[in-house]
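The values are calculated or read from the model by the stated rules, or taken from the named source; none is laboratory data. In this text the structure is predicted, and so the values were computed from the model without any measurement. A quick note on method: Cβ atoms are made from the backbone with ideal geometry, for glycine too, and the neighbour counts reach across all protein chains shown.
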Amino acid sequence: MAGANSNNDTFGQRVDSTEPQVESDVRKKKPFEMPHIYVILFVFSAIAAVLTYIVPAGVYDRVPGPNGRTTIDPDSFRVVESTPVGLVDFMLAVPKGLIDAGVVVFFTLIIGGMFMVLRRTGIIEVGVDKLTRRFAHNSILVIPVLMVTFAVIATLIGTQELALVYVPVILPLMIALRFDSVTAAAVALCATTAGFTAGVLNPINTGLGQQLADLPVFSGMTLRILAFVAILGVGIVYVMRYALKVRGNPEFSLMRGDVNELEKRQRYVHSASESAMSATPRQKLAAVAALGFFGLLVWGVLERGWFMMEMAGLFVIMGIVVGLIAGLKTAEICEGFNEGFRDVLVGAMICGIARAVAVVLEEGQIMDTLVHGLGGLVGGFPPMLSAIGMFLAQLGFNFVIPSGSGQALVTMPIMAPLSDLIGVTRQTAVLAYQLGDGLSNIFYPTSGYFMATLALAGVRWDRWVKFFLPLFAMWIAIAMAFLVYAQVAQWNG
């Protein structure tokens, strides 16, 4: 017994003596974890605040622009008295950002609530079950069909934000077909971005950019169609390859280990041997009503110019009407909205917190200084690379103004006359703006609608970055190839 006790004591001493070494090894082997998105955005806001003490304040005069919009006078830049952001102003940046991004914030909450009501009616589960059985033997074809449809809509009317509507609709189907939430987000985000970026008939980037550059609206369509095909084609192949890997082995999914993802799979993935779900008469009427509302949405966007405010109001009415038709009690409808609000609350908050970066730069009056500096930077590029310089400048500036029209109104009045001086056609300058703005809209965490879409899909930003970064690099290479061609050919539409 004494020997045993001695051995135990020795063993205990050995464990105690090596415990710090084990802990040290664990610490060394611990993989890097991306900070929470709130932390990332707070750090960006803090950096912006510090820059207001370093970068000279400057302003451009604002003048009337196309379609009643306000743009800048490119010859009016002047340095003004510095107004660095103090502690109180920095403290208010996030609340002001939430107010400035209020439309996106509340649209995200309402769309999350509305789709939760639809789920409570049961019509989503029934619809997904029927679609899953129909596409059981060629499920991968759903991806190119959906992506082409979404991309064509975006390239014609310029509504990347419709990804917010697409994701909740296709997410259950993608899960049921044994893909994952990243696939659903990618189908909506990559397709709308490809269409928006190429902007064949997009009034938001192509139309406005060409108006500001004094070019015929929608001129140069041939090259833009080729860019649309190239960007979308590469995107479709990339998303399909990922989806096939996930379907073949769920361990390849970037969502593996996610509790919410497992819950989605339990809800929507059914064995082929299970009997098909059938809708009650009230559910059938509710489904018809839901389709009617979506038809009304399309009409409103195309014919009446509806955007987030109008769509949010429509979705409130849609949730109530469809819920009542399906037989839900008013209390159940209200709780459905509440549950949906909770599910997307983080994404809604991110939209406002991301806006805080721009709030700090604007209050410190260095936003215009940065624009002026980017113009000078582009002018310093070698002539053969001037178009690439414009693209990189727009790509970088999109971090602080992730809005197609907003970026056009601020940068194009500078880039258009600058292109005349550095040997780049104005048509190429507009293309550089489109590519720089559009491609990064689904990469930067300061893009409100993008972060809200990820929240609706249940995909964290760091996981999306792991998925999207290789495609982003390929898209940048394609963009540069088109710009080099445009520069060499002196493309002018």
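Observations on the model:
- Filtering region 320-366 to residues that are in contact (Cβ under 8 Å) with a residue 24 or more places away in the chain, within 30 Å of Gly86 (Cα to Cα) and among the charged types (D, E, K, R) leaves Arg355, Glu363.
- Across region 20-31, not a single residue is classified as within 29 Å of the chain's Cα centre (by Cα) and modelled with pLDDT of 90 or more.
- Restricting Leu177, Leu156, Leu162 to those that are in contact with a Gly (Cβ under 9 Å, 6 or more places away or on another chain) and touching a residue at least 40 places away in the same chain (Cβ under 8 Å) reduces the list to Leu156.
- Region 278-311, subset of a type in the set (S, T, N, Q) and more than 19 Å from Met114 (Cβ to Cβ), residue modelled with the lowest pLDDT: Ser278
- Candidates Leu324, Leu291, Leu328 - the one that is exposed (fewer than 14 other Cβ atoms within 10 Å of the Cβ), of a type in the set (A, V, I, L, M) and over 24 Å from the mean Cα position of the chain (by Cα): Leu291
- So Leu377, is it in a helix (DSSP H, G or I), surrounded by 21 or more Cβ atoms within 10 Å (Cβ to Cβ) and at pLDDT below 90: no
- Checked against (1) farther than 23 Å from Leu471 by Cβ; (2) at pLDDT 95 or above; (3) of a type in the set (Ser, Thr, Tyr), Ser273 meets all criteria but (2).
- Residue match in region 340-354 (condition: under 26 Å from Ala290 (Cβ atoms), of a type in the set (D, E, K, R) and assigned to a helix (DSSP H, G or I)): yes
- Residue count, region 337-394 (criterion: of a type outside the set (D, E, K, R) and over 30 Å from Ile111 (Cα atoms)): 31
- Identity of the residue in region 312-342, small (Gly, Ala, Ser) and more than 27 Å from Leu201 (Cα to Cα), that ends up modelled with the lowest pLDDT: Gly340
- Test: residue in region 49-68 that is within 25 Å of the chain's Cα centre (by Cα), within 30 Å of Gly209 (Cα to Cα), surrounded by 10 or more Cβ atoms within 10 Å (Cβ to Cβ) and modelled with pLDDT under 90: no
- Summed over region 439-471, the residues that are over 19 Å from Ile401 (Cβ atoms) and touching a Ser or Thr at 6+ places or on another chain (Cβ under 8 Å) give a count of 5.
- Those helices (runs of 4 or more DSSP H) of region 121-225 in which at least 1 residues are out of contact with any strand residue (DSSP E or B) (no Cβ under 7 Å at 6 or more places or on another chain) and surrounded by fewer than 23 Cβ atoms within 10 Å (Cβ to Cβ), considering only elements entirely within it, cover 123-134, 142-157, 163-176, 208-212.
- Condition met for Leu244 (in contact (Cβ under 8 Å) with a residue 40 or more places away in the chain, of a type in the set (A, V, I, L, M, F, W, C), buried (at least 18 other Cβ atoms within 10 Å of the Cβ) and part of a helix (DSSP H, G or I)): no
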